[in-house]
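Q: Handing you a structure now.
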Amino acid sequence: MDSQDFREAAISSIDEIINYYDNISSRDVVSNVSPGYLRTLLPTSAPVQGEAWATIQSDMETKILPGITHWQHPNFHAFFPCATSYPSILGELYSAALSGACFNWICSPAVTELETIVLDWLAKLLCLPGCYLSTGSTRGGGVIQGSASEAVLTAMVAAREKYLLETVPSDLSEEEREDVIAHKRAKMVVLATNMTHSSTKKAALILGVRFKSISVRAEDGYALTAPVLASALEECRAKGLEPFFLTATLGTTDTCAVDDFRGISEALEAYIYPPGSPGEVWVHVDAAYAGAALVCPEFQASTKIEQIAKFHSFDMNMHKWLLTNFDASCLFVRNRNWFVQALSINQAVYGNAASDGGLVTDYREWQIPLGRRFRSLKIWFVLRSFGVEGLHGYIRRTVKMGEDFAGWVKGREDLFEVITGPAFALTVFRMVGDGEEMRNERTRALCERVNGSGRMWVTSTLLDGSRFAIRFMTGVRSTEERHVRAAFELLVEVAEEIVNKK
Ligand code: PLP
């Protein structure tokens with residue numbers, strides 16, 4: 001493909017993408033292909049001779065799109081959104097064109113510097129405390145990671161090394177030190193709740209440290225509170241375990257609960273040490289989805305985001321609810337040295353005058369992989385194209401649709417019961433009935449039937465180990481009130497059929 005071929009192919013591809021978006025609602029939301037469908041459609045090996053773009057492109061519609069579940073579809077109410085937008089797509093296009101493994105500042109100074117700048121913009125936009133800014137007094141800053149899972153793993157490695165550095169006496173011989181560390185590691189424990197996303201448990205698994213799940217209560221809205229945390233800390237103490245990491249969530253996956261940040265600080269302070277003392281518990285805030293709402297002042301106030309000044313790291317995914325395509329997980333830390341001391345690598349081939357002079361940020365020291373893409377470009381394009389007002393408008397519009405939906409559900413108490421929400425455009429509800437078993441059976445049938453219709457997609461969850469519930473999310477950009485209304489009407493129609501045993 002030469003430059004002229006590329007020009008024609010790119011124009012034709014962009015046209016096709018625009019048509020895809022303009023007509024997306026005419027497709028079924030969820031792909032209905034059978035497992036292995038693609039193997040029957042494609043040759044068994046790569047072509048010996050290169051093919052024309054027109055031939056390749058035609059396979060998108062006939063072979064690939066049938067196997068796509070349309071996350072940008074207005075009737076996609078499942079999981080959380082996985083947003084994108086035209087400015088974001090353009091950022092991705094430039095990033096692909098400028099492809100490089102930009103792990104050190106010198107590998108492309110603009111890649112590093114734009115990332116630092118746009119993450120400062122984002123930190124200010126989300127009203128994060130000043131300690132998370134690269135210009136703040138604590139030497140904080142942000143870094144883009146591939147996912148919230150990668151972010152929690154990165155934070156946990158840094159937390160483990162910080163804890164060991166602070167709690168292992170420095171006057172030991174090398175051998176004694178290794179013994180103490182080995183002994184300590186066996187006792188170190190990560191804390192999270194039974195509502196925390198599984199990525200925290202996976203990170204603990206990867207690091208080979210203990211993991212303790214704390215059960216939160218329905219009467220606390222499934223949020224972690226001070227008394228519940230205090231009792232978990234005491235249990236650890238009684239068993240001789242050493243908690244060194246806690247994930248606090250702003251917007252849990254199941255119900256979008258927000259943990260009590262002030263209560264968490266108080267419980268940790270009461271447990272052993274004042275903040276900042278050696279061996280404190282690192283608190284990581286997982287705001288993967290709902291963190292996007294912090295662009296609006298009303299959510300900064302309701303979540304009490306200022307409380308996280310005492311915590312250690314904060315992560316939110318622009319690629320969930322903030323109009324930027326996957327991957328763009330924005331991880332902020334209160335002191336970047338914590339990352340560098342844990343993840344700095346020293347290999348001759350990566351040395352250069354700028355790095356050695358200590359004048360620049362080398363993001364390879366803030367992450368697990370070495371190479372990194374130019375991901376800040378799409379965030380920059382999104383923030384500039386939508387502006388703060390555009391982002392406010394989008395978040396508030398999707399939240400309002402969630403409120404409308406929850407209101408309609410509450411208005412049909414003969415059929416439904418809202419369990420949580422609306423919170424951050426998510427409502428969790430189930431069908432009513434005589435006894436748990438009937439409620440579960442009915443709700444399960446409702447979920448299966450509406451999804452089976454191909455007209456919308458919702459996901460479910462199991463609360464308190466036994467309460468089956470449907471999660472309905474209204475965060476997709478193409479969703480309008482009429483789509484939510486139609487979805488509600490379908491839910492009512494099917495629920496009535498279930499009650500009338502049709
Ligand atoms: N944290 C929360 C609260 C989530 O809801 C999710 C996924 O939905 C994740 C973390 C994991 O996100 P990622 O796919 O970016 O690892």
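The values are calculated or read from the model by the stated rules, or taken from the named source; none is laboratory data. Predicted model, so just to flag it, every value in this text is computed and none were measured. Using ideal geometry, Cβ is built from the backbone for each residue, glycine included, and neighbour counts are taken over all protein chains shown. Side chains included, ligands, DNA and RNA excluded: accessible areas come from the protein's heavy atoms. Shrake-Rupley method; radii C 1.70, N 1.55, O 1.52, S 1.80 Å.
Q: Rank by packing, highest mean first: peptides 307-314, 212-219, with packing defined as the count of other Cβ atoms within 10 Å averaged across residues.
A: Descending mean neighbour count gives 307-314, 212-219.
Q: Here is a follow-up. Take peptides 120-133, 173-186 and line them up by average Cβ neighbours within 10 Å, highest first, as a rough protection proxy.
A: Ranked by mean Cβ neighbours within 10 Å, highest first: 120-133, 173-186.
Q: Let me ask something else about it. Determine the shape class of the chain: with a ≥ b ≥ c the square roots of the Cα gyration tensor eigenvalues, call it rounded for a/c under 1.5, and otherwise prolate if a/b is greater than b/c, oblate otherwise.
A: Oblate, since a/c reaches 1.5 and b/c is not below a/b.
Q: About the Cα centre of the chain, what is the dipole size in debye to 20, counting +1 per Lys and Arg Cβ and -1 per Asp and Glu Cβ, all else neutral?
A: Dipole about the Cα centre, nearest 20: 300 debye.
Q: Let me ask you something else. In nm, what is the difference between 0.36 nm times the number of residues separating Glu403 and Ala226 and their Cα-Cα distance?
A: 60.8 nm is the gain from fully extending Glu403 to Ala226.
Q: Have a look at Gly452, Asn500, Gly433 and report the one farthest towards the positive end of the charge dipole of segment 390-502, computed about the Cα centre with Cβ charges (Lys/Arg +1, Asp/Glu -1).
A: Value computed over the given set: Gly452.
Q: How much of the accessible area of the chain, probe 1.4 Å, is carbon plus sulfur, in whole percent?
A: On the way: 12300 of 22610 Å².
About 54 percent, which is the carbon plus sulfur part of the accessible surface.
Q: Mind ordering 448-460, 150-162 by average Cβ neighbours within 10 Å, highest first?
A: Ranked from most to least packed, the peptides come out as 150-162, 448-460.
Q: Okay, moving on. Keeping every protein chain present and rolling a 1.4 Å probe, give me the accessible area per residue for the chain in Å².
A: 45
Q: Charges on Cβ only, +1 for Lys and Arg, -1 for Asp and Glu, centred on the Cα centroid of the chain; of Thr112, Gly402, Val388, which one is farthest towards the dipole's positive end?
A: Comparing the listed Cα positions along the dipole, Gly402 ranks first.
Q: Once you charge only the Cβ atoms, +1 for Lys and Arg and -1 for Asp and Glu, what is the size of the charge dipole of segment 183-274 about its Cα centre, to the nearest 20 debye?
A: Approximately 620 debye in magnitude.
Q: Divide by every residue of the chain the summed helix terms, -39500 (n - 2.57) for each DSSP H run of at least 4, and state the resulting mean residue ellipticity at 222 nm, rounded to the nearest 500 deg cm²/dmol. Can you show the working numbers first?
A: Details: 16 runs with 216 residues, N = 502.
My calculation for the chain gives -14000 deg cm²/dmol from helical runs alone.
Q: Per residue of segment 26-39, in order, report the coupling 6.51 cos²θ - 1.76 cosθ + 1.60 (Karplus, θ = phi - 60°) as ³J(HN,Hα) in whole Hz, putting x for Gly and Pro.
A: Taking θ as phi minus 60°, the curve returns 7, 9, 5, 5, 9, 4, 10, 6, 8, x, x, 4, 6, 4 Hz for segment 26-39.
Q: I've got another one for you. When the expected Rg is taken as 2.2 N^0.38 Å, what fraction or multiple of it is the alpha-carbon Rg of segment 136-289?
A: Rg over 2.2 N^0.38 Å, computed on Cα atoms: 1.05.
Q: For Tyr350 and Arg396 in the same chain, what is the full-extension length gain: residue separation times 0.36 nm, less their Cα-Cα distance, in nm?
A: Working: separation 46, 0.36 × 46 = 16.56 nm, distance 4.56 nm.
Result for the pair: 12.0 nm of gain on full extension.
Q: Oh, and also: Which value, in Å² rounded to 10, gives the accessible area of Tyr20 with a 1.4 Å probe and all protein chains present?
A: In the full protein context, Tyr20 sits at about 40 Å².
Q: Just to verify a number: FRET efficiency for Ile117 and Glu235, C-beta to C-beta distance, R0 = 41 Å, to 0.05? All intermediate terms of the calculation are to be shown ahead of the outcome.
A: Values: r = 44 Å, r/R0 = 1.08.
Here the calculated transfer efficiency is 0.40.
Q: What distance in nm separates the simple spin-label points at Ala46 and Val388, each placed 7 Å from Cα in the Cβ direction?
A: In this crude spin-label approximation the distance works out to 4.9 nm.
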